[in-house]
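These notes are about the structure you will find just below.
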Amino acid sequence: MDVLRSIVLFIAAAVAEIGGCWLVWQGVREHRGWWWIGAGVIALGAYGFVATLQPDSSFGRILAAYGGVFVAGSLAWGMVFDGFRPARTDVIGALICLAGVAVIMYTPRAG
């Protein structure tokens with residue numbers, strides 16, 4: 001159950017962080033205005049709280065593993081919201097990152 005909870009929290013964190021970054025990007029780079037930027041800042045703050053809900057208590061481990069989720073999630077976000085089409089090497093790199101997440105978070109540890 002902790003693994004499922006952790007995966008759901010990683011997805012929620014990715015939506016908050018990547019979505020927040022995208023909103024700020026849209027507000028600044030696409031000149032959509034302060035409302036977009038403000039919503040992005042709120043979403044980025046929410047990301048910080050979601051990360052604290054992970055079952056594991058190690059800040060370094062959580063953030064390191066989340067880095068892999070961020071890589072894969074950013075490519076997916078770009079596909080859905082910006083029409084980005086990843087190259088095969090992008091997909092391979094994202095899968096390698098997700099394998100790293102699995103090793104960091106879900107493999108048994110001694111002691």
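The values are calculated or read from the model by the stated rules, or taken from the named source; none is laboratory data. Just so you know, these numbers come straight off a predicted model, no measurement behind them. For neighbour counting, all protein chains shown are included, and Cβ atoms are generated from backbone atoms with ideal geometry for every residue, glycine included.
Among the residues of segment 29-44, count how many are in a helix (DSSP H, G or I) and either in contact (Cβ under 8 Å) with a residue 12 or more places away in the chain or more than 26 Å from GLY68 (Cα to Cα) (or both). If you could, list the steps in order and put the result at the bottom.
From segment 29-44, those in a helix (DSSP H, G or I) are 29, 34-44; that's our starting set.
If we keep only those that are either in contact (Cβ under 8 Å) with a residue 12 or more places away in the chain or more than 26 Å from GLY68 (Cα to Cα) (or both) as well, we get 34-44.
Residues in segment 29-44 being in a helix (DSSP H, G or I) and either in contact (Cβ under 8 Å) with a residue 12 or more places away in the chain or more than 26 Å from GLY68 (Cα to Cα) (or both): 11 in total.
Return the residue satisfying two criteria in turn: it lies in segment 5-57 and is of a type in the set (D, E, K, R) and in contact with a Leu (Cβ under 9 Å, 6 or more places away or on another chain), and of such residues it is farthest from THR107 (Cα to Cα). It would help to see each step written out before you state the result.
Of segment 5-57, the ones of a type in the set (D, E, K, R) are 5, 17, 29-30, 32, 56.
Retained after the next criterion (residues that are in contact with a Leu (Cβ under 9 Å, 6 or more places away or on another chain)): 5, 17, 32.
On the way: ARG5: 16, GLU17: 26, ARG32: 44 Å.
Per the stated criteria, the residue is ARG32.
Just need a number here: residues in segment 31-70 that are of a type in the set (Phe, Trp, Tyr) and farther than 16 Å from GLY20 by Cβ.
First, the residues of segment 31-70 that are of a type in the set (Phe, Trp, Tyr): 34-36, 47, 49, 59, 66, 70.
In the following step, the residues that additionally are farther than 16 Å from GLY20 by Cβ were identified as 59.
Counting residues in segment 31-70 that are of a type in the set (Phe, Trp, Tyr) and farther than 16 Å from GLY20 by Cβ gives 1.
Return the only residue of VAL80, VAL71, VAL101, VAL91 being at pLDDT 95 or above and either surrounded by fewer than 11 Cβ atoms within 10 Å (Cβ to Cβ) or not in a helix (DSSP H, G or I) (or both). Talk me through it step by step, then tell me what you get.
Numbers: VAL71 fails: either surrounded by fewer than 11 Cβ atoms within 10 Å (Cβ to Cβ) or not in a helix (DSSP H, G or I) (or both); VAL101 fails: either surrounded by fewer than 11 Cβ atoms within 10 Å (Cβ to Cβ) or not in a helix (DSSP H, G or I) (or both); VAL91 fails: either surrounded by fewer than 11 Cβ atoms within 10 Å (Cβ to Cβ) or not in a helix (DSSP H, G or I) (or both).
It is VAL80.
Test TYR47 against the stated conditions and say whether it is in contact with an Asp or Glu (Cβ under 6 Å, 6 or more places away or on another chain), assigned to a helix (DSSP H, G or I) and in contact (Cβ under 8 Å) with a residue 12 or more places away in the chain.
On the way: in contact with an Asp or Glu (Cβ under 6 Å, 6 or more places away or on another chain): yes; assigned to a helix (DSSP H, G or I): yes; in contact (Cβ under 8 Å) with a residue 12 or more places away in the chain: yes.
Answer is yes for this residue.
Per-residue answers, yes or no, for (1) among the hydrophobic types (A, V, I, L, M, F, W, C); (2) within 16 Å of ALA13 (Cβ to Cβ):
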{"residue": "THR52", "(1), (2)": "no, yes"}
{"residue": "SER58", "(1), (2)": "no, yes"}
{"residue": "ARG61", "(1), (2)": "no, yes"}
{"residue": "ALA64", "(1), (2)": "yes, yes"}
{"residue": "GLY67", "(1), (2)": "no, yes"}
{"residue": "ARG85", "(1), (2)": "no, no"}
{"residue": "THR89", "(1), (2)": "no, no"}
{"residue": "ILE104", "(1), (2)": "yes, yes"}
{"residue": "ALA110", "(1), (2)": "yes, no"}
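Would you be able to say whether some residue in segment 20-35 is of a type in the set (Val, Ile, Thr), within 15 Å of the chain's Cα centre (by Cα) and surrounded by 15 or more Cβ atoms within 10 Å (Cβ to Cβ)?
no
Go through segment 42-68 and give me each residue that's over 18 Å from LEU98 (Cβ atoms) and either among the basic types (Lys, Arg) or surrounded by 14 or more Cβ atoms within 10 Å (Cβ to Cβ) (or both). Don't jump to the end; show me each part of the working.
Kept after step one, since they are over 18 Å from LEU98 (Cβ atoms), are these residues of segment 42-68: 42-50, 52-53, 55, 57-60.
Selection gives ALA43, LEU44, ALA46, TYR47, VAL50.
Out of PRO108, PRO55, PRO86, which single residue is assigned to a loop (DSSP other than H, G, I, E, B), of a type outside the set (Asp, Glu) and over 24 Å from ASP2 (Cα atoms)? If you could, list the steps in order and put the result at the bottom.
Values: PRO108 fails: over 24 Å from ASP2 (Cα atoms); PRO55 fails: over 24 Å from ASP2 (Cα atoms).
Answer to the check: PRO86.
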